[in-house]
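Following: one structure in structure tokens, then a few remarks.
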Amino acid sequence: MARGPLDLWNAWATQILVLLSLTLQILLLMFAGIRRRKSFTVLRFILWLAYQLADSTAIYAVGHLSLSSAPREHKLVAFWAPFLLLHLGGPDNITAYSLEDNKLWKRHLVTLVVQVLGAEYVLYKNIPRSGGFLILAAILMFIVGTAKYGERTWALYSANFSSIRGALKKLPRSQLRGYQGYLREEDGHIDAGSDEFLLQRAHSLFHICERGIVDSVINEDEIEIKTETETETKTIIKGLMDNPKRMWRVMEMELSLMYDVLYTKARVIHTMIGYCVRAASPLSVVACFLLFHFTGKHGHSGIDVIITYILLGGALFIETTSTLNAVGSSWALSYLCTTQWSWLRHEALCAGRWHRLRRAVVTIRQHVKTMTGGSSSYYGRSRVWSGTIGQYNMFYFCTNMEIDKADKGLKSFATKLGFGEWWENTYYSWTVKVPEEVKQRALNMVSSKDLNTMGMVRHRWGEIVFKHSYPELYDMLVGNDDYYHGIDFHESIISCHIATELLLFKISTSDDDERPDLIRALSNYLMYLLVTHPDMLPGLPQNWLYEMTCKNLDDLCEGQLGPSRRSDIGTVLKKLFGWNDGTRPYNLDQTNKLADIIFQLESRSHQPSVPRLKYGRTIARILVDKSDKNTDPLNVLLDLWMDFLIYAANRCNRESHARKLNTSGEFITVVWLMIEHIYQTKSK
């Protein structure tokens with residue numbers, strides 16, 4: 001029994017490896033798109049595992065072919081080496097899984113040289129004995145595999161921030177002048193609110209996103225060109241600002257295009273060389289198929305022949321899909337508008353051929369979307385952002401840990417395994433749809449006058465709200481020596497999060513008032529970023545502030561929240577894997593009990609020892625007292641959290657924005673990009 005699996009591996013290791021390598025490539029091709037949207041943890045794990053195994057499997061297979069006796073015993077096996085190079089090139093829709101992968105392009109370059117030499121060695125040692133036509137087929141596949149592998153390495157290099165910054169400095173004059181081939185609103189034959197029209201608008205404004213995310217500047221010799229296009233750019237942006245829904249849609253599309261640049265082969269594909277490779281690769285695979293079918297399969301093992309057909313069929317599927325996606329992509333329009341081949345631009349755009357092809361591609365995708373489940377399909381509108389924001393409530397976390405024995409036990413177990421922090425971040429967070437009112441307010445609150453010459457918000461967080469809208473509260477909450485906001489931005493979020501829960505508990509509102517939900521959504525979102533993605537907030541992350549505040553809340557909760565309970569297994573799995581319906585996973589009575597306990601600490605001897613709790617209660621008290629003096633505390637809180645969101649988006653590290661694009665992106669990134677566009681309307 002012990003020798004069975006080992007004997008099977010010794011006899012069929014090469015066959016198993018090449019089939020596994022092809023399977024991983026198919027998985028990557030089919031599931032890479034889920035990173036653009038929120039998706040189940042299981043699917044993301046499958047994609048991550050496939051990405052990690054794909055390269056190592058192909059590399060190990062090439063090494064196995066070089067060193068084992070399989071090519072001598074099975075002559076056809078040597079023909080599989082070029083297919084492994086093709087697999088190492090990977091599908092076009094995923095090159096890097098994380099932003100850090102792009103920084104490893106030099107390592108990939110070395111691996112490229114070694115693997116190409118290894119595959120060449122396998123062919124040199126074994127293929128000459130297999131016949132002239134099989135040699136020709138092997139050479140064709142070797143060329144295609146080397147080209148695709150080289151493309152991937154070049155794509156990783158091109159997606160580096162330094163490479164993007166360098167390319168932007170060399171941006172051709174024609175691209176800075178805009179795209180003449182784009183459909184215009186006044187043309188009349190296209191809906192100005194359609195996704196296709198807005199996507200072309202996103203392409204025409206994409207240089208703003210690209211320059212902003214890598215912190216690039218315009219060279220002096222480009223100032224004249226910049227002036228020529230500045231008026232048109234301002235006109236387009238102001239037109240979008242008049243229609244907030246279109247504005248946000250274009251921002252989402254630009255970030256999707258940025259995802260293409262950073263995590264796919266988009267920059268390499270949409271060049272003359274890239275299109276030539278995509279035109280030649282399927283034809284080469286077909287030629288290899290015909291050569292093998294008519295002359296190369298005789299005298300070989302039946303299983304080896306079947307595996308070769310599978311490899312050829314898989315290669316044809318991958319390469320044909322790649323070619324169709326490339327030609328029908330909106331990136332092709334960007335290339336056609338800026339190409340130096342004027343005859344090509346005329347034939348494709350002026351004659352309308354490309355637009356007809358694009359409409360056909362969009363129609364096919366819509367049919368696929370309908371057949372695969374509508375809006376929930378992973379093969380539908382790839383430019384659509386998930387439209388959700390993460391939520392994390394500190395009161396919910398502390399009260400739940402106090403009264404739920406199952407949660408406490410699971411956290412203790414996860415901590416012993418070293419996953420305590422991951423457990424807290426995943427188990428106690430959830431998502432909700434971004435309210436349309438939040439988008440509208442964010443757009444209305446940002447003015448070009450609020451941005452300095454570098455595009456940075458002029459004011460400190462909270463100052464602009466109180467100075468302009470609530471000057472009577474400025475001295476109390478901002479100008480006061482105690483500075484109840486907190487000295488650090490992270491501390492301010494914690495204090496105001498506490499104040500929000502206290503105030504919403506203390507003030508009664510009507511059922512049709514949506515402001516409490518908006519306030520909670522923003523407050524919980526900023527806390528979610530603070531706890532799970534602190535690098536996306538300005539300032540030095542200080543996790544100890546949050547931990548000390550939670551400890552103080554735990555002390556207040558102890559023995560005062562009623563009887564303990566135990567969650568059922570269904571509730572545990574639902575919260576862990578994010579299977580929620582976008583609603584709050586807790587009852588407000590649960591957090592209101594803690595808010596009541598904090599409000600009852602009246603005497604100075606019982607003041608909370610942690611400043612965040614003291615500041616939070618003081619802010620809530622001031623706003624409650626002001627509610628009787630023509631100041632609506634709900635409006636104050638809503639404007640304050642909007643100001644926090646705008647400040648955080650504007651001051652967030654640009655690399656953090658880029659890093660989150662591979663997990664569907666964050667709303668704070670969309671807000672940042674909106675600010676970047678509004679900055680373009682500023683008179684400089």
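The values are calculated or read from the model by the stated rules, or taken from the named source; none is laboratory data. These figures come from a predicted structure and were not determined experimentally. Positions of Cβ are generated from backbone atoms using ideal geometry, with glycine treated the same way; all protein chains shown enter the neighbour counts.
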- Note on the structure: Reported set for the stretch 597-611 where residues are modelled with pLDDT under 80 and surrounded by 15 or more Cβ atoms within 10 Å (Cβ to Cβ) is Phe599, Leu601, Pro608, Val610, Pro611
- Message: Suppose we filter the stretch 29-46 for residues that are within 22 Å of Trp430 (Cα to Cα) and over 12 Å from the mean Cα position of the chain (by Cα); how many remain?
- Response: 7
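Out of contact with any Pro (no Cβ under 6 Å at 6 or more places or on another chain) and either farther than 12 Å from Ile94 by Cα or of a type in the set (Gly, Ala, Ser) (or both): is that true of Phe31 in this structure?
Numbers: out of contact with any Pro (no Cβ under 6 Å at 6 or more places or on another chain): yes; either farther than 12 Å from Ile94 by Cα or of a type in the set (Gly, Ala, Ser) (or both): no.
Criteria not met by Phe31.
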- Restricting the stretch 127-141 to residues that are closer than 16 Å to Leu85 by Cβ and buried (at least 21 other Cβ atoms within 10 Å of the Cβ), the one modelled with the highest pLDDT turns out to be Met141
- Give me a count of the residues in the stretch 340-355 that are crowded, with 19+ Cβ neighbours inside 10 Å and assigned to a loop (DSSP other than H, G, I, E, B). 0
- Note on the structure: Restricting the stretch 659-684 to residues that are among the aromatic types (Phe, Trp, Tyr) and either within 18 Å of Val214 (Cβ to Cβ) or in a loop (DSSP other than H, G, I, E, B) (or both), the one farthest from the chain's Cα centre (by Cα) turns out to be Tyr679
- Message: So, in the stretch 215-270, exactly how many residues are modelled with pLDDT of 85 or more and surrounded by 15 or more Cβ atoms within 10 Å (Cβ to Cβ)?
- Response: 30
- Item | Ser98 at pLDDT below 90 and either farther than 30 Å from Arg201 by Cβ or not aliphatic (A, V, I, L, M) (or both) | no
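Residues are listed down the side, and each one gets a yes or a no for (1) under 15 Å from Phe79 (Cβ atoms); (2) in contact with a helix residue (DSSP H, G or I) (Cβ under 9 Å, 6 or more places away or on another chain); (3) surrounded by fewer than 16 Cβ atoms within 10 Å (Cβ to Cβ):
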{"position": "Leu291", "(1), (2), (3)": "yes, yes, no"}
{"position": "Asp304", "(1), (2), (3)": "yes, yes, no"}
{"position": "Tyr309", "(1), (2), (3)": "yes, yes, yes"}
{"position": "Ser330", "(1), (2), (3)": "no, yes, no"}
- If you go through the stretch 531-558, how many residues are touching a residue at least 60 places away in the same chain (Cβ under 8 Å), under 22 Å from the mean Cα position of the chain (by Cα) and not in a loop (DSSP other than H, G, I, E, B)? 4
- Kindly indicate whether any position in the stretch 296-308 is of a type in the set (A, V, I, L, M, F, W, C), free of Cβ contacts under 8 Å to residues at least 60 places away in the same chain and farther than 30 Å from Thr663 by Cα. yes
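Against the definition (small (Gly, Ala, Ser) and either in a helix (DSSP H, G or I) or under 30 Å from Gly665 (Cβ atoms) (or both)), how does Gly274 come out, yes or no?
yes
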